[in-house]
Amino acid sequence: MLIIYFPVLVSLFVLVFTGFVASRILTSPIGKTKGSEITKALYEGVVSYATRQYRAAGLVSIPLFFLLFVAMGWRVAFGFFIGAALSAVLVFLGIIIPLEAAPRVVKASEKGLAAALDLSYKGGLVFGLLAASLALLIIASYYFLTGISGLVALVFGAGLVSLFFKIGGGIYAKAASLSIELSKKKEKGAFEHDYLHPASIARQVGKNVGDLASIALDIFETYCVAMVSVMLLGALLYPKSPQFILLPLFAGSIFLLTSVIGSFFARLPKNKSIMGAMYKGIGVSMLLSLAALYPLISNMMAEQVISIINLYVSCLAGLMIAAGTLVFVEYYVSKKHGPTKKIIQSHAKGQSANATEVMGLVMQSAAVPILLIVFGAMISFWLAGVYGVALAALSMLSLSPMITAVSFYGPVAGNATQIASQTEEPQPGLKSLEELKASSVFAKAMTASYAIVSSALASLVLFWAYSQRVADEIGSTMPHFDLANPMVVAGLLIGGLFAYIFVSFLAIAVGKAAGRAATDLQKRATDDAKPENIARTDYAKDVRLITRFSMRGMIIPVAIPLVLPLLVGFLLGAEALGGLLIGALITGLFLAMAMAMGGTLWSGARKYVDEGAGAKGNLSNQGVAMADASKEATGPAINSFMKMLGLVALLIAVFLV
């Protein structure tokens, strides 16, 4: 019977492997440069930021723990606590890892691009494997100890802490960046290249917490949502067949092992293509997963109500959605293909024409990902019902450790480039570091699109899990959300509306926080200020300042996905709440994709123009600033908005019928 604990054993093995990789990073040499001062300053900043965010998350989480304990029992309450604690630990590690790896990457870059890439990638791999293995370990262990009842609360706890850091980190990151841009106009670039100025440190802290918030936590949260949703659907749909609950745990174990193996293939090829190395690791992991899943399903699911081949093809559909998403991003952001070329060419006609063309391309960008979701969901639903769609979502997230590794190497490379640029002596590896940093534009676009598509699938599965739980409570075999029911239509419209309301408050928060921070920076420097004359002692001061402004702006966006389902559910009923989930999913998916791809297109085009592509001149700085805020602050937060609505709906479903 020990085989039933296979997921626990695999997750422990991967944790040991992750510790080995982390030790290799920590024992790598550090160059004797001025970079240690920058690293120390960044530590000051991120600790100051994290402390305030933990405090804010705790003020909400602690009362919720006691409320859940009284209303739903200890299993639910302690599930919530464990999930929140896990997310909090991962947040801290996710911020620290890029800082620990960066000075070592500077030293490794002296050996060339391959060595720098290898160490940067390992920094991301540590977090990717750590997040996935801890998620599997906690979910499997809590299920084996307490059953299925507390798992939704566990994911809710993880998602709640993640929501704070994703929204707060996104607002902080763009507010810090925009405040620098606003201040430079009056300070004549006094600290534009002075990386030890407190304002510059605050901006670099923003790049770390923003990238972490927008990508890594999003993928981790979606992984947990998909895993628990499949298990919950298995328990609701097939209560007499525990194999349907155990299958996602065993599949998750396979995905972890194939990610470990695939990571060994992420090596720089002969053509020096950085993204080629990433694709190679992802491709190997995907192929190994396909090979291992069939014997697993054959052994576990023999003689069940859904055929083996139908379950396997449902998993295949999820992997194909992932592959299609990566190909789509490569086409859209590469200067070799049409969209980016068009933006580069159109900027010579003027900023108005350029902005108009970008808007048109942004509207088109949502087509392929959404069609991929439709195709994958229809195929898997036709083969295995809603359980098949849930399996497809989980299979897509099988690549999460690899995708997280790709997303994380960007902040690592950015920190390393900053350290190398500030040294007094020439750095032989600076060119390699700049190549790594430049390619992170593609990495961000790829991981952002992957996160959006996987979040949409997970949100769809949450809706079906909610529907099935409602049906189970009323004793029906099929949940019904009839469009002839005015309550369902009301929910649809409210969900669609509040996706826009949510984004609007985020956008306003970024602008307000940036303006207030810029005003403070201007008070601290004069027009003739010189970098050497500016105090450099309290690096946390600007971080605390921008964090305070950011936290004021995040109150309403955090409250919306927590309170809205309660109001709609208890005032309008279970049918309206189901409509709300779908309305928010449809509108939120379009908004998230448009913002992510629009920001990436404009930022990528500016990069190519600056490198000399197309006509001379610069793209609109205002447009690029707006695009950055969209793709790194407001866009990624919509993913959490959609999933949090579904998690709250699942928790309160039993009280609505």
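The values are calculated or read from the model by the stated rules, or taken from the named source; none is laboratory data. Everything numeric in this text was worked out from a predicted model, so none of it was measured. Please note: Cβ atoms are built from the backbone with ideal geometry, for glycine as well, and neighbour counts cover all protein chains shown.
How do the pairs read when you match residues in segment 377-399 that are more than 15 Å from M320 (Cα to Cα) with residues anywhere that are among the aromatic types (F, W, Y) and in a helix (DSSP H, G or I), using Cβ under 8 Å and keeping only pairs 6 or more apart or on different chains? Pairs that qualify, where the first residue is more than 15 Å from M320 (Cα to Cα) and the partner is among the aromatic types (F, W, Y) and in a helix (DSSP H, G or I), are V386/W464; Y387/F244. All of G262, G234 fail the test of being part of a helix (DSSP H, G or I), in contact (Cβ under 8 Å) with a residue 60 or more places away in the chain and in contact with a Ser or Thr (Cβ under 6 Å, 6 or more places away or on another chain), apart from G262.
Given the criterion under 19 Å from G281 (Cβ atoms), small (G, A, S) and modelled with pLDDT under 90, identify the matching residue among G150, G169, G123. Give the steps one after another, and end with the answer.
Numbers: G150 fails: under 19 Å from G281 (Cβ atoms); G169 fails: under 19 Å from G281 (Cβ atoms).
Only one candidate qualifies: G123.
Of the set (1) part of a helix (DSSP H, G or I); (2) touching a Gly at 6+ places or on another chain (Cβ under 6 Å); (3) buried (at least 23 other Cβ atoms within 10 Å of the Cβ), all apply to G252 but (2). Taking the listed residues I379, I403, the one that is more than 15 Å from the chain's Cα centre (by Cα), among the β-branched types (V, I, T) and either under 20 Å from G123 (Cα atoms) or in a helix (DSSP H, G or I) (or both) is I379, with no other qualifying. Every residue in segment 284-305 that is among the hydrophobic types (A, V, I, L, M, F, W, C), crowded, with 20+ Cβ neighbours inside 10 Å and more than 23 Å from I3 (Cα to Cα), please. Correct list: M286 only.
Residue-by-condition table, conditions (1) in contact with a Leu (Cβ under 8 Å, 6 or more places away or on another chain); (2) closer than 30 Å to T146 by Cα:
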residue: G73; (1), (2): no, yes
residue: I82; (1), (2): yes, yes
residue: F92; (1), (2): no, yes
residue: A102; (1), (2): no, no
residue: G124; (1), (2): no, no
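Taking V8 as the residue in question, decide whether it is β-branched (V, I, T), assigned to a helix (DSSP H, G or I) and touching a helix residue (DSSP H, G or I) at 6+ places or on another chain (Cβ under 8 Å). Steps first, answer last, please.
Values: β-branched (V, I, T): yes; assigned to a helix (DSSP H, G or I): yes; touching a helix residue (DSSP H, G or I) at 6+ places or on another chain (Cβ under 8 Å): yes.
It is true that V8 is β-branched (V, I, T), assigned to a helix (DSSP H, G or I) and touching a helix residue (DSSP H, G or I) at 6+ places or on another chain (Cβ under 8 Å).
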